[in-house]
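See structure below.
The values are calculated or read from the model by the stated rules, or taken from the named source; none is laboratory data. All figures in this text were calculated on a predicted structure; none of them were measured in a lab. In this analysis, Cβ positions are derived from the backbone assuming ideal geometry, glycine residues included, and neighbour counts consider all displayed protein chains. Protein only, heavy atoms only, side chains kept; ligands, DNA and RNA dropped before computing areas. Shrake-Rupley method; radii C 1.70, N 1.55, O 1.52, S 1.80 Å.
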Amino acid sequence: MEDFEHFAFDDGRWSRDVFRKGAGPAVIVIHEMPGLHPEVIRFANDLVAAGMTVFCPSLMGDPGRRVTPNYARGVILKTLCVRREFTVWATDRSSPIVDWLRALARKAHAECGGPGVGAVGMCFTGGFALAMMTEPSVIAPVVSQPSLPLGERGAASMGCSLDEIACARTRFETEDLSLLGLRFHGDPFVPAARFDAYRKAFGDRFEAIELDPASARQGTGRTPHSVLSTHLDRSDPAGPTMRARDRVVDFFRHRLGVDRAGPEA
């Protein structure tokens with residue numbers, strides 16, 4: 001990550017490291033478990049290649065560290081049991097760290113300009129991008145394999161408060177915005193009922209990309225889950241997962257007013 005600018009961002013409650021790169025309107029790339037690993041960084045570089053500035057906060061784990069089973073288990077255990085910034089089981093509210101992310105979005109917009117800021121959450125942080133919509137600068141939310149809340153009781157929950165959902169619904173209509181969501185069919189961490197809840201709440205303002213797990217990158221040793229990182233099959237530029245990635249890039253480019261060509265495979 002030596003070609004990223006690194007700074008600590010403090011919102012008055014929490015301070016977290018942030019890695020920045022690129023030029024153009026801003027996109028907040030919120031990493032998945034267990035941290036800001038190389039495949040998430042590679043996706044962030046795709047956005048840079050497409051004419052955007054990425055802000056990659058490090059919320060857990062070691063930035064740049066490759067994922068191993070023991071490392072992942074350690075970070076997951078610590079996050080579930082100790083970290084108070086995250087709400088894991090509740091079905092009616094977002095995680096407290098979302099306030100910090102909203103403040104980061106304000107900073108990114110002030111520095112990068114443009115019509116607003118994009119945000120993509122992945123896995124554990126997937127729903128954060130939707131909850132960030134209470135910040136007016138956030139205009140392009142993407143929820144990739146949104147996994148919170150955990151447990152069967154929260155299968156049909158979006159992991160946001162009713163006020164956050166109502167705010168997003170209002171903004172989608174009054175500002176002509178929309179939500180993009182991605183998942184693999186059969187992913188046990190992203191039940192179909194959750195995407196049904198998005199459809200019920202937002203109607204045609206929600207665009208769902210649901211992929212056959214057979215289209216995922218093979219040989220990872222894990223059930224297909226991480227649409228934009230670990231299970232993105234870059235060996236097939238015309239394949240379903242790469243088309244999904246390209247749709248995310250185009251979504252951000254359109255909403256943020258970027259006119260440059262998209263990334264290479």
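A few comments on the model shown:
- Residue 245 passes every criterion in (1) open to solvent by 20 Å² or more (accessible area, probe 1.4 Å); (2) under 16 Å from the mean Cα position of the chain (by Cα) apart from (1).
- When residue 67 is tested against (1) surrounded by 20 or more Cβ atoms within 10 Å (Cβ to Cβ); (2) under 22 Å from residue 118 (Cα atoms), only condition (2) is not met.
- Qualifying residue in the range 194-205 (condition: open to solvent by less than 30 Å² (accessible area, probe 1.4 Å), modelled with pLDDT of 95 or more and part of a loop (DSSP other than H, G, I, E, B)): no
- Comparison of 47, 130, 36 shows that the only residue that is among the aliphatic types (A, V, I, L, M) and assigned to a loop (DSSP other than H, G, I, E, B) is 36.
- Residues that are more than 12 Å from residue 28 (Cβ to Cβ), within 17 Å of the chain's Cα centre (by Cα) and not in a helix (DSSP H, G or I) within the range 89-127 comprise 94, 95, 96, 126, 127, listed in sequence order.
- Qualifying residue in the range 88-100 (condition: buried (at least 21 other Cβ atoms within 10 Å of the Cβ) and either free of Cβ contacts under 8 Å to residues at least 24 places away in the same chain or out of contact with any Leu (no Cβ under 9 Å at 6 or more places or on another chain) (or both)): yes
- Residue among 223, 230 that alone is among the β-branched types (Val, Ile, Thr), open to solvent by 50 Å² or more (accessible area, probe 1.4 Å) and farther than 19 Å from residue 141 by Cα: 223
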